[in-house]
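Chemist: What follows is a single structure, and I will ask about it in a moment.
Values quoted throughout were computed directly from the atomic coordinates according to the rules given, and no laboratory measurement underlies them. As the structure is a prediction and not an experimental result, all values here were calculated from the model. Neighbour counts are summed over all protein chains in view; Cβ atoms, including those assigned to glycine, are modelled from backbone coordinates with ideal geometry.
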Amino acid sequence: MRSGRAACSRKKKCEDDSRRRSNGRAVFGILQPGPSFVSMNRHTQPLPAPESALRALEEKLGAALPPILRSRYAASNGGSFGDPRKRDAEWQLHPVFDSSDRKQMKRTAEDVLHYTRLALQDARFPRDGISIAHDYSMYRQLFVRRDPASGNIAEDILLFDVHTGEFAAPYACDLQAAIDQARVPEAVQPDPARALPVFRYYADPFEAGVMRTSGETCQCCGQATGYIYDGSFYAIGDESHFCPWCIADGSAAAKFEGEFNDAAGVGMGEVELPMRIIEEVSQRTPSFFSWQQERWWAHCNDAGRFLGEIEHVDRALLASEPAADFVRETCGDAHLDAGEGWQWLLDTPSRERSFAVFVFGCLHCGKLGGYVDLS
Ligand SMILES: [Zn+2]
Ligand SMILES: [Zn+2]
């Protein structure tokens, strides 16, 4: 059974940084060490919401956001902050829909408007309310209110709590005050002495955006390791946020009887592989963000190593002989000619295309493969 990931997507990444990193690392085919701790600090906070996205939201609301909320989004589009009134509770700030990038679109699809529509389905939620954050249960929300006279949105942050029956209780005088009063004394830092697990079939889950640094507790081992995975996990339950270790050693897949990657897609339905390889990819390897159900390319009787979306794959590698068949097949599948069409693909960021191209490398012969993922 396919179960979605948690309702809110927090993972953002800096495209420029990751491109620089990927270009500096052309080698594959041999197992590389995981990303360094230094580089991963870039993945802690969601990217800023672009001005255009803020304006689009304000247009839809027909009102300007309060300055304090606006500046929060301009610094980071989403993310979480703690709740001082409830131990271990965390508020998830609803992002502003950002259409500037394919990944951002996907990650911000469930935005302020989405959650406000959901909130309004409950007749007790104030009609002039705009939901800006929720806790894990979704029974508690923070919201702002439109002034009926001026139509402006007030800065006061109010609490909607189904369990206590508080439907418009004052929570903080503004968002910064809410964040400040919630500030936790010390964020969880990754332990530099503990080496990250190496995923044989995955070049860099941090670059792909499915893993990030976070103080969040792993839903499998219950520990805050400083890292969290929030890509896909297919299981009956809702658990999907795991530490890298619980993915790598198979304990998350075993405990929740789920899989990260569709076992039927390993080998792309064309190649039969030994069961232990299928299990390693489906149960002990992170997934990646895709429009369609992910598939896993295979070669030399082994699963390939996921190198990323084509925009993050080294240009020299794509121009090399082991890539020739992949280039020809990709051009065919995407209806591009091998000259200008291919060049257009290389020059066009993923967000400006209607499809993604996922690239894998054979761990044995170095050949490249993959597939075109249509939106
Ligand atoms: Zn864990
Ligand atoms: Zn091969």
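Chemist: Could you work out the relative contact order of the stretch 35-180? I mean the mean sequence separation of Cα pairs under 8 Å and 6+ apart, divided by the number of residues, in percent.
Modeler: Computed over the stretch 35-180, the figure is 17 percent.
Chemist: Something else now. Can you classify the stretch 35-180 as rounded, prolate or oblate using the Cα gyration tensor, where a ≥ b ≥ c are the square roots of its eigenvalues, rounded means a/c under 1.5, and otherwise it's prolate if a/b beats b/c and oblate if not?
Modeler: Numbers: a/c = 1.76, a/b = 1.27, b/c = 1.39.
Because a/c hits 1.5 or more and a/b fails to exceed b/c, the stretch 35-180 counts as oblate.
Chemist: While we're here: So what is the 222 nm mean residue ellipticity for the chain from helices alone, if each DSSP H run of at least 4 adds -39500 (n - 2.57) and you divide by all residues, rounding to the nearest 500 deg cm²/dmol?
Modeler: After summing the helix terms and dividing by the residues of the chain, the value is -7000 deg cm²/dmol.
Chemist: Residues with amide H under 5 Å of Asp302's amide H, sequence separation 5 or more or different chain, H placed in the peptide plane at 1.01 Å from N; which?
Modeler: Residues meeting the amide H criterion: none.
Chemist: Sorted from fewest to most neighbouring beta carbons within 10 Å, what does the list Ile247, Ile130 look like?
Modeler: Result, fewest neighbours first: Ile130, Ile247.
Chemist: Restricting to Cα pairs below 8 Å that are 6+ residues apart, what does the relative contact order work out to for the chain? Please round to a whole percent.
Modeler: Relative contact order for the chain comes out at 16 percent.
Chemist: Which far-off residues, 5 or more places away or on another chain, put their amide H under 5 Å from the one on Cys220, with H placed in the peptide plane?
Modeler: For Cys220, whose amide H was placed from the backbone, the distant partners under 5 Å are Cys243.
Chemist: Let me ask another. If you put +1 on each Lys and Arg Cβ and -1 on each Asp and Glu Cβ, how big is the dipole of the stretch 35-180 around its Cα centre, in Debye rounded to 20?
Modeler: Dipole magnitude for the stretch 35-180 comes out near 380 debye.
Chemist: Let me know the number of lysine pairs in the chain closer than 19 Å at the Cα, not counting same-chain pairs under 8 apart.
Modeler: Pairs that pass both the separation and distance tests number 6.
Chemist: For the stretch 209-219, just list the computed ³J(HN,Hα) in residue order, Karplus coefficients 6.51, -1.76 and 1.60, θ = phi - 60°, integers in Hz, with x standing in for Gly and Pro.
Modeler: x, 8, 10, 8, 6, 6, x, 5, 7, 5, 6
Chemist: Hey, what do the phi angles of the stretch 345-356 turn into as Karplus ³J(HN,Hα) couplings, whole Hz, using 6.51/-1.76/1.60 and θ = phi - 60°, x for Gly and Pro?
Modeler: 4, 5, 8, 9, x, 3, 5, 9, 10, 8, 8, 10
Chemist: Quick one: length gained pulling Asp333 to Val271 fully straight, 0.36 nm per residue minus the C-alpha distance?
Modeler: 20.4 nm
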